[in-house]
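First comes the structure, then the notes that go with it.
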Amino acid sequence: MTDILQLVKTKDPNEREFHQAVMEVVVSIKPVMDRNPEYRSAKILERLVEPERVIMFRVAWMDDQGQVNVNRGFRVEMNSAIGPYKGGLRFHPSVNLGILKFLAFEQVFKNALTTLPMGGGKGGSDFDPKGKSDTEVMRFCQAFMSELFRHIGPNTDVPAGDIGVGAREIGFLFGMYKKLANEFTGVLTGKSLNWGGSLIRPEATGYGSVYFASEMLATRNQSLEGKTCLVSGAGNVAQYTMEKLIEMGAKPVTFSDSSGYIYDEKGVDRAKLDFIMELKNIKRGRVKEYAEKYSEAVYTPADPNADHNPLWDHKADCAFPSATQNEINAKDAQNLVNNGVQLVCEGANMPTVPEGIDIFIDNNILYGPGKAANAGGVSVSGLEMTQNSMRMSWTRQEVDDRLKLIMHSIHKTCLEAAEQYGHPGNYMVGANIAGFIKVVNAMLDQGVV
Ligand code: NDP
């Protein structure tokens, strides 16, 4: 198994996040490899870590001052063994090939867990939508799609949103795809309702994460009612995580953006969440403004030199990291444990460093890894694809019921796989094993391609 890690590191020495994601899976699936020698002879791991295709392209666009800007665009088509490539687009200055490969790799297993026929992919750009006008974002999206459109399609590759790509960006991307391809088709998910979107898609990742947390707590005869919760991020996932937590009687007390975080000891309620949603989604403001409106809240600016994130220092029952990768380091994880947290449910992708995961598991914390806990988003994207193919729209209740059922099934699948391979209660091992088996069996069926 160390051979694979060595191979990946030698081939692409600078892709740290990708190495991290591969290591987590490779360690978890060791017992499966030992029981199935045919996987080794078919070089299944070597094939899994190599994307089926990587598209990298120049995106040149003009800003409002008439200046030409150049960004880099990517699409990593990782694995199509069980369906068309599926996974979001991320627009953030930190985006590079290594980060997108880690996200695409995770997506392969996540999508397999959803029970829906979706392969794995991810894409994006180092473009930063923050501080750009709507017309600049539109011109960038159009330039980005002018290359991407030839590589995607409803049966080939169906991108969606991720960090920095929400309803506005999906609209501009879809408009350009439609013009270039001359067809109106379900090539993107996360579309607005009146032109092919699904009800509950904006809510799905956050709601799904909270449903997964409820399932985990139920194994210990507990519920979210009355629980104090730390949430990070203030974007799509964090907002709908807080919405569902409030609905279930829990009390979210923190949220953040890249500039800093808010601690509101009294808790975010419905009215305060409406303020956050308007602030982030319409005014595109910073979380700092929340403390200017609500005097009981404390704002702490981010300190890039700090050795830990003080958001995770507060006393709480549950933690929902919902911002970005590696936002919980080992010290943060230890602080969470010391402060009595019983559950960590990852709305973000790979938000906990490997040493942090070990700390959670060693301390018997209910730890829901991103590829299981945040799979609600891509699941409803899958349901959006189904509705588009059928040219039908399901009601809010229908989609929410299906989402709940899928999260219930993912939870059960993780627990069963973990139990079967000797790690009872370890959701990370369970998620990796269950996703892995489904994908590699499909790859074996399809021959060496
Ligand atoms: P958004 O862009 O809507 O929100 C991201 C939030 O996280 C923002 O508040 C942003 O702050 C903050 N953030 C981003 N990068 C950093 C950073 N380096 N340090 C601190 N804060 C940061 O994205 P989403 O809510 O969609 O995504 C959040 C996470 O959830 C990501 O890991 C994503 O991959 C994952 N995810 C998303 C899904 C979805 O359906 N959208 C599905 C499954 C997983 P700021 O505004 O300052 O940038």
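The values are calculated or read from the model by the stated rules, or taken from the named source; none is laboratory data. Here the structure is a predicted model, which means the values were calculated and not measured. Backbone-built Cβ (ideal geometry, glycine too); neighbour counts: all protein chains shown. Surface accessibility is based on the protein's heavy atoms, side chains included, excluding ligands, DNA and RNA. Shrake-Rupley method; radii C 1.70, N 1.55, O 1.52, S 1.80 Å.
Largest GNM mean-square fluctuation among Gly166, Gly190, Gly120, using the chain with Cα springs under 10 Å: Gly166. Give me the net charge of Val187's neighbourhood, meaning all other residues with Cβ under 11 Å from the Cβ of Val187; Lys, Arg count +1, Asp, Glu -1. Result for the neighbourhood of Val187: 0. When the solvent-accessible area of the chain is split by element, carbon and sulfur atoms take up 50 percent of it, the probe being 1.4 Å.
Phi-derived couplings, Karplus 6.51 cos²θ - 1.76 cosθ + 1.60 at θ = phi - 60°, listed residue by residue for region 112-123: 5, 5, 5, 6, 9, x, 9, x, x, x, 6, x Hz, with x used for Gly and Pro. Comparing mean-square fluctuations of Asn194, Asn426, Asn374 from a GNM of the chain with C-alpha springs under 10 Å, the top value falls on Asn194. Connecting C-alpha atoms closer than 10 Å in a GNM of the chain, tell me which of Val353, Val210, Val68 has the biggest fluctuation. Greatest mean-square fluctuation among the candidates belongs to Val68.
Shown in residue order for region 178-188 are the 3J(HN,Hα) couplings computed by the Karplus curve 6.51 cos²θ - 1.76 cosθ + 1.60 at θ = phi - 60°: 4, 5, 6, 8, 6, 8, 9, 8, x, 8, 10 Hz (x for Gly and Pro).
For region 221-250, the set of GluC sites (Glu not before Pro) satisfying both a DSSP loop assignment and a count of at most 14 other C-beta atoms within 10 Å is given as Glu225. Using θ = phi - 60° in the Karplus curve 6.51 cos²θ - 1.76 cosθ + 1.60, the 3J(HN,Hα) couplings for region 335-340 round to 4, 4, 5, 4, 8, x Hz; x is entered for Gly and Pro. When the square roots of the Cα gyration tensor eigenvalues are ordered a ≥ b ≥ c, the ratio a/c for region 282-400 is 1.5 or more and a/b does not exceed b/c, which makes its shape oblate. Across the options Ala375, Val448, Leu343, the greatest Cα extent toward the positive end of the charge dipole of region 317-449 (unit charges at beta carbon of Lys, Arg, Asp, Glu) belongs to Val448. Rounded to the nearest 20 debye, the dipole size of region 309-399 about its Cα centre is 340 debye, using +1 on the Cβ of Lys and Arg and -1 on the Cβ of Asp and Glu. Does the chain come out rounded, prolate or oblate, given a ≥ b ≥ c as the square roots of the eigenvalues of its C-alpha gyration tensor, rounded meaning a/c under 1.5 and, failing that, prolate meaning a/b above b/c? The shape class here is rounded. A 1.4 Å probe run over the protein chains yields, for the chain, 40 Å² of accessible area per residue, whole-number rounding. Does region 228-318 come out rounded, prolate or oblate by the C-alpha gyration tensor, with a ≥ b ≥ c the root eigenvalues, rounded set by a/c under 1.5 and, if not, prolate when a/b is larger than b/c and oblate if not? Since a/c reaches 1.5 but b/c is at least a/b, the shape of region 228-318 is classed as oblate. Can you give me the long-range amide H partners of Gly260? Hydrogens built in the peptide plane at 1.01 Å from N, cutoff under 5 Å, separation of 5 or more residues or another chain. When sequence neighbours closer than 5 places are left aside, the close amide H contacts are Ala302.
Summing +1 for each Lys or Arg and -1 for each Asp or Glu, what net charge is found among the other residues whose Cβ lies under 11 Å from the Cβ of Ala81? Computed value for this residue: 0.
Between region 226-292 and region 143-216, the alpha-carbon centres lie 24 Å apart.
Look at the dipole of the chain built from charges on Cβ: of Cys229, Val76, Leu403, the Cα furthest out on the positive end belongs to Val76.
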